[in-house]
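Here the structure is laid out as structure tokens; the discussion comes afterwards.
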Amino acid sequence: MKPTALATALSTSVLLALLSASARLAVPPLILLRQGQGLHAAKEYSRAVETYIQLADLRADWSEPHTLMGEIYVQQGRWEEAYAEFCLARQIEPRDVKALYGLGQVAHHGGETGEAARLWSSALSLDRSETQVRCSLARLYMEASRLDLAQQHLRRILLLERQHQEARYLLGLMAAADAPSLAVEHLQVAVQGDDQQVSSKSQAILDLLAEDGTERSQASPVGRLALVYLAQGFPNLAVEWLEKLLADEPGNQRAQAYLGYALLSSGQPSGALETLRAVTHSDPKNVLGHYFLGVVHRTQGYLPTALWDFKRSLRLDPTNAATYAEMADTLRRMGHYTAAEEWYRAACTVAPGEPGFWVLLAQFHVDVVPNADKGLVAAREAVSLRPDDPVAQDLLGWALYLGGDLTGAKTALERAISLDANFARGYYHLGVVSSELGDEDRATWAYRRAVDLDREGEFRDRASQALRAIRLES
């Protein structure tokens, strides 16, 4: 073989060896990444995190495993851990768009809206096609009543993706008062999307726009939409629309009472008190005014004053079951459990066909002052009225467990998680019952689901302790 040919053959051999080594280095990490993403999509968050940790150990130069772990921690409400992972991702890759977005989520959760806007704008400057970032910015601007900026971002999304469900929903929500035909156009698209929660919210607004109000305050689209804004998480917009309504109808005491509640919901308790005191001073028989005053006083910790407000509201309207329930809740917070039970029962008596009040009574008897028999009666009533309610099924299952019926409890709890696959409380209770029945495999699985899905921490902590106990016993 000629020297030139030999050199060529050797260099080719070396190149192939290098490529082979590179492939061997890349393939296991890629396999781990795919495995982690599959577990992530299935919401098996603990196993996904374990996989991403292995991946981060293998490839310390990749930011992606840290970003993915941060996303999981956001889903679980573990904000400090999320922040740490997003920061690690940015140390590895300062231009990581998803890490910037995640840091913005953490900032927004902590009330740092200016920092969130800065981080999300930085992410957009790196990738103008990031619709998730634009949607979050639009929501932030809606919360700040900067509807012009919100609309700019949402319209840009539609240029990229005409059927984008959340963008259509938000545009419809903003257009509902001033341009109902345009709102309907957007909302009809949003209703057809895959996200059932967004679809339900969009349908609720469509139903509202199709209604013919009977009372003057309810016939006004502005007044009715204010209540929708409250229900859908934009109390600042509710304040604006109610103020607009009151400018046209200054004597509308009902709207003024709702304005007080909207001010409280938007973080203005002093303004809420001032507004509601003015309502009840000018109209001492304003039922809603006294009711919302009770809510404000209870929020501020003035529980005896809140009781007085609720009682005043009840004297004016003794048929309002919600006020009975508020009385019960206030007494429960004061530790007056016997009186609280009486008021919860009164709410059920006044509105026996409303399952929500039976749920409250059942919760009182299984969580606050456990009483298996009373809890079972209330939970069965709730289930009979709303058989597809996972909370009612969970309460039934736990009441059965407290009464010693483990088989019946497991059946009800299996039903609860079948109705809501993300129901952490139901998984935890199923773990307890399965363990009592000796089914450790099912208990372990249920506890792991509780750990993965609980955003508040209570059932995650309990389930983690139970898993540690299982491991020690095995």
*Report, ordered by the first and then the second residue, all pairs with beta carbons closer than 9 Å, sequence separation of six or more or different chains, a first member in the stretch 391-407 that is touching a residue at least 24 places away in the same chain (Cβ under 8 Å), and a second member that is in a loop (DSSP other than H, G, I, E, B) and aromatic (Phe, Trp, Tyr).*
Val391/Phe423; Asp394/Phe423
*asked:* Give all pairs with beta carbons closer than 6 Å in which a residue from the stretch 109-134 that is within 13 Å of Asp96 (Cβ to Cβ) meets a residue that is surrounded by 13 or more Cβ atoms within 10 Å (Cβ to Cβ) and of a type in the set (Phe, Trp, Tyr); count only pairs at least 6 apart in sequence or on separate chains.
replied: Ala123/Tyr101; Val133/Tyr101; Val133/Trp120
*Scan the stretch 52-89 for residues that are closer than 24 Å to Leu137 by Cβ, in a helix (DSSP H, G or I) and polar (S, T, N, Q) and jot them down.*
Thr67, Gln75
*If Leu103 passes every condition in (1) more than 22 Å from Gln75 (Cα to Cα); (2) touching a Lys or Arg at 6+ places or on another chain (Cβ under 8 Å) but one, which one does it miss?*
(1)
*Within the stretch 439-463, can you find the residues that are of a type in the set (Gly, Ala, Ser) and at pLDDT 95 or above?*
Ala443, Ala446, Ala450, Ala463
*Note down all Cβ pairs under 6 Å where the first residue falls in the stretch 452-474 and is closer than 13 Å to Ala424 by Cβ, the second is of a type in the set (Ser, Thr, Tyr) and assigned to a loop (DSSP other than H, G, I, E, B), and they're at least six residues apart or on different chains.*
none
*Got a number for residues in the stretch 442-451 being surrounded by fewer than 23 Cβ atoms within 10 Å (Cβ to Cβ) and without any contact (Cβ under 8 Å) to a residue 60 or more places away in the chain?*
4
*asked:* For the stretch 90-117, give me the residue count where each residue is over 18 Å from Ser136 (Cβ atoms) and either among the hydrophobic types (A, V, I, L, M, F, W, C) or touching a Phe, Trp or Tyr at 6+ places or on another chain (Cβ under 7 Å) (or both).
replied: 1
*asked:* Which numbered condition in (1) over 25 Å from Phe423 (Cα atoms); (2) touching a residue at least 40 places away in the same chain (Cβ under 8 Å) is the only one that Glu93 fails?
replied: (2)
_Suppose we filter Asp195, Asp178, Asp212 for residues that are at pLDDT below 95, acidic (Asp, Glu), on the phi < 0 side of the Ramachandran plot and under 25 Å from the mean Cα position of the chain (by Cα); which single one remains?_
Asp195
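Table: residues versus (1) of a type in the set (Asp, Glu); (2) crowded, with 17+ Cβ neighbours inside 10 Å.
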| site | (1), (2) |
| --- | --- |
| Ala325 | no, yes |
| Leu376 | no, yes |
| Ala379 | no, yes |
| Gly404 | no, no |
| Leu413 | no, yes |
| Phe423 | no, yes |
| Gly431 | no, yes |
| Glu440 | yes, no |
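The values are calculated or read from the model by the stated rules, or taken from the named source; none is laboratory data. What you are looking at is a predicted structure, and each value in this text was computed from that prediction instead of being measured. Here the Cβ is made from the backbone with ideal geometry for all residues, glycine too, and neighbour counts use every protein chain on show.
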